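Derivation of every value follows stated rules applied to the coordinates shown; laboratory data play no part. The structure presented is a predicted model; accordingly, all values stated were derived computationally and were not measured. Positions of Cβ are backbone-derived with ideal geometry, glycine not excepted, and every protein chain shown enters the neighbour counts.
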Amino acid sequence: MTQETDPKQAAVMPTYGRADIAFVRGKGSWLYTQDDTAYLDCATGIAVNVFGHGDERLLAALHAQADKLWHTSNLYRIGEQEKLAWRLTRHAGLDHAFFCNSGVEANEAAVKMARRFQYRQGFEKRFKIMCAGNAFHGRTLAMLAATDKPLFREGFGPMPEGFVHVPFGNLNHLRDAMDEEVAAIMVEPVQGEGGAIAAPDGYLEGVRKAADDFGALVIADEVQTGMGRTGYLFAYQKAGIQPDIVVLAKGLGGGFPVGSVLARKQIGEAMGPGSHGSTFGGNPLAMAVANAVLDGLEEEGFLADVQRRAAILDEKLAKLAADYPGHILERRGTGFLRGLKLADKVTVGDMTAALRQKQLLVVPAGENVLRLLPPLTITEDEIEQAYHIMDEAFSHLATA
Ligand SMILES: Cc1ncc(COP(=O)(O)O)c(C=O)c1O
């Protein structure tokens, strides 16, 4: 049955262009349909399942917490929340953590924090948020204004004010647009939805300098790049900069919905009781799982091994790009956030569907980019399998 003929499917609001497939269980890097067909998951629910599916440590943490206590709200102290706040802020070189349930919520909170901080510093006119061309920050009204996709805004206006876009990767444009009204520069270290585009060398350092020179904050949107995805716990660490605010979600709960904003002491202090909140944010279940995710990422040598295996994937993508120059224009990204920019004659939607037919799951991204977001635990053998499936699919196109 299709969406038109299946009344239950039609009861779901049609906000997504879904593939006509459902998975009923998962283990490691694999997802299984009802008839037990196995799919190699290089999509991970869009950069979420950092330890793949059914990870024993995450399951144990969730089950243990579920047996004890699910939810109390932030009217009371939550031990696992305090523990996670402490651990994340130590890693990030920051002081306070706020918890919510998704990436877009965390970005909204980050913008509130930047504006409130400036206001408390006596800079009431600093309200602008500098955003990058091609950026994606989420789908609430304010984050639609921050996102550089005019089509996503169609019919939803008026947009909140104060979001200014300058070309990603260009420091001259950024500095030219800075003024005494800017509260913060918001940046994805690697643009995920935009097409797996890593910031050029020196760009994040230049963003930090521009912010310092003009009295603005740096907000690193690490919703997609954070929690080990690039081979670093946070992608900005590779550039050696220190953001004032770091935004996390996706991988943070390894599949359990959770988001977080990490901030410098004075920013956190500008957000007194009543300034922001969330009923579910930081609830014991989410916190227990996120602490277990962090345990795994902190394991000795784990992130170094992510970098090693990600380099193997990159070699395979380089081989594909060399073998199919008529179909692959460029390979992009870093760590396990990789992309192949396809030639116009191949649409990424068709290629994603063709790979799915061969039981490989990937995700389309902007600029006709085929994006690979495998679990951080993907094995060398599974990388080889993914390569062979892509090789077959491109060779089929080349001979068609
Ligand atoms: C960089 C970035 N920020 C924010 C978001 C929004 O996150 P969520 O879908 O959890 O609201 C996304 C989602 O893809 C993202 O990639």
With 0.36 nm assigned to each residue of separation and the Cα-Cα distance removed, D201 to H91 gains 37.3 nm
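Counting only other residues whose beta carbon sits under 13 Å from that of G268, what net charge do I get with K and R as +1, D and E as -1?
Summing Lys and Arg as +1 and Asp and Glu as -1 gives +2.
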In a GNM of the chain with a 10 Å cut-off on Cα contacts, which of T15, T347, T147 has the highest mean-square fluctuation?
-> T15
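Checking the a/c ratio against 1.5 first, then a/b against b/c, what shape does the Cα gyration tensor give for the stretch 3-78? List each step's numbers first, then the result.
Details: a/c = 2.42, a/b = 1.42, b/c = 1.71.
Verdict is oblate for the stretch 3-78.
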Base-10 log of normalised Debye intensity for the stretch 37-78 (one unit scatterer per alpha-carbon) at q = 0.22 Å⁻¹ | -0.84
Sticking with the crude label model, points 7 Å out along Cα→Cβ, report the distance from E315 to S395 in nm, one decimal please.
-> 2.0 nm
Would you be so kind as to identify which of L174, A184, P14 lies farthest towards the positive end of the dipole of the chain, taking Lys and Arg as +1 and Asp and Glu as -1 on Cβ and the Cα centre as origin?
-> A184
Apply the Karplus parameterisation 6.51 cos²θ - 1.76 cosθ + 1.60, with θ equal to phi minus 60°, to every residue of the stretch 212-221 and state each ³J(HN,Hα) to the nearest whole Hz, in sequence, with x for glycine and proline.
-> 4, 5, 10, x, 10, 9, 10, 9, 8, 7
Using r as the Cβ-Cβ distance of E161 and D36, and R0 as 51 Å, what FRET efficiency do you calculate, to the nearest 0.05?
-> 0.45
Please report, in whole Å, how far the alpha carbons of the stretch 56-298 spread along each principal axis, starting with the longest.
-> 55, 38, 36
Taking the DSSP beta bridges in the stretch 209-360 as the whole, what percent of them are antiparallel, to the nearest 5?
-> 70 percent
Hey, which of these cross-link pairs are over 23 Å Cα-Cα: K128/K265; K128/K149; K149/K265; K125/K149?
-> K149/K265; K125/K149
A correct Karplus calculation of ³J(HN,Hα) over the stretch 326-331, with 6.51 cos²θ - 1.76 cosθ + 1.60, θ = phi - 60°, whole Hz and x for Gly and Pro, returns x, 10, 10, 8, 6, 10
Sum up the charges of everything whose Cβ sits under 15 Å from the Cβ of T347, counting Lys and Arg as +1 and Asp and Glu as -1, but leave T347 out.
-> +1
Measure off 7 Å from each Cα along the Cα-to-Cβ vector at K125 and E82, then give the distance between these two points in nanometres to one decimal.
-> 4.4 nm
Most mobile listed residue (G194, G366, G122) in the chain, GNM with C-alpha springs under 10 Å | G122
Interchain or long-range residues, amide H under 5 Å from A132's placed H | V166
Loop-resident sites, the stretch 1-108, for trypsin sites (Lys or Arg not before Pro), counting at most 16 other Cβ within 10 Å (DSSP) = R18, R77
Obtain the nm distance between the two label points defined at Q307 and K345 by a simple spin-label model: each point lies 7 Å from its Cα along the Cα-to-C-beta direction.
-> 4.0 nm
For the stretch 367-372, in order, what is each residue's ³J(HN,Hα) by Karplus, 6.51 cos²θ - 1.76 cosθ + 1.60 with θ = phi - 60°, in whole Hz (x at glycine and Pro)?
-> 6, 6, 9, 8, 9, 10
The size of the Cβ-based charge dipole (Lys, Arg +1; Asp, Glu -1) of the stretch 148-263 about the Cα centre, to the nearest 20 debye, is 520 debye
By a straight-distance test (C-alpha under 14 Å), which aspartates and glutamates pair with K316 as possible cross-link partners, with residues fewer than eight away in the same chain excluded?
-> E330, E380, D381, E382, E384, D391, E392
What residue among G281, F256, G349 has its Cα farthest toward the positive end of the dipole of the stretch 236-357, where the charges are +1 on Lys, Arg and -1 on Asp, Glu, each on the Cβ?
-> G349
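Report for the chain the percent antiparallel among DSSP-assigned beta bridges with both residues inside it, nearest 5. If you can, show how the numbers build up before the last one.
Values: 31 of 48 bridges.
Percent antiparallel among DSSP bridges in the chain is about 65.
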Which value, in debye to the nearest 20, describes the size of the charge dipole of the chain about its Cα centre when Lys and Arg Cβ atoms bear +1, Asp and Glu Cβ atoms bear -1, and nothing else is charged?
-> 740 debye
Among the aspartates and glutamates, which fall within straight-line cross-link reach of K68, defined as a Cα-Cα distance under 18 Å, with same-chain neighbours fewer than 8 residues apart omitted?
-> E80, E82
Under 18 Å from K8, Cα to Cα: aspartates and glutamates that are on another chain or at least 8 residues apart | D20
Using DSSP to define loop residues, name the GluC sites (Glu not before Pro) in the stretch 100-166 whose beta-carbon has at most 14 other beta-carbon atoms within 10 Å.
-> E124, E154, E161
Under-5 Å amide H pairs with L217, H placed in peptide plane, nonlocal only | A184, I185
Here the gain from full extension of A64 to Q359, 0.36 nm per residue of separation minus their alpha-carbon distance, amounts to 102.8 nm
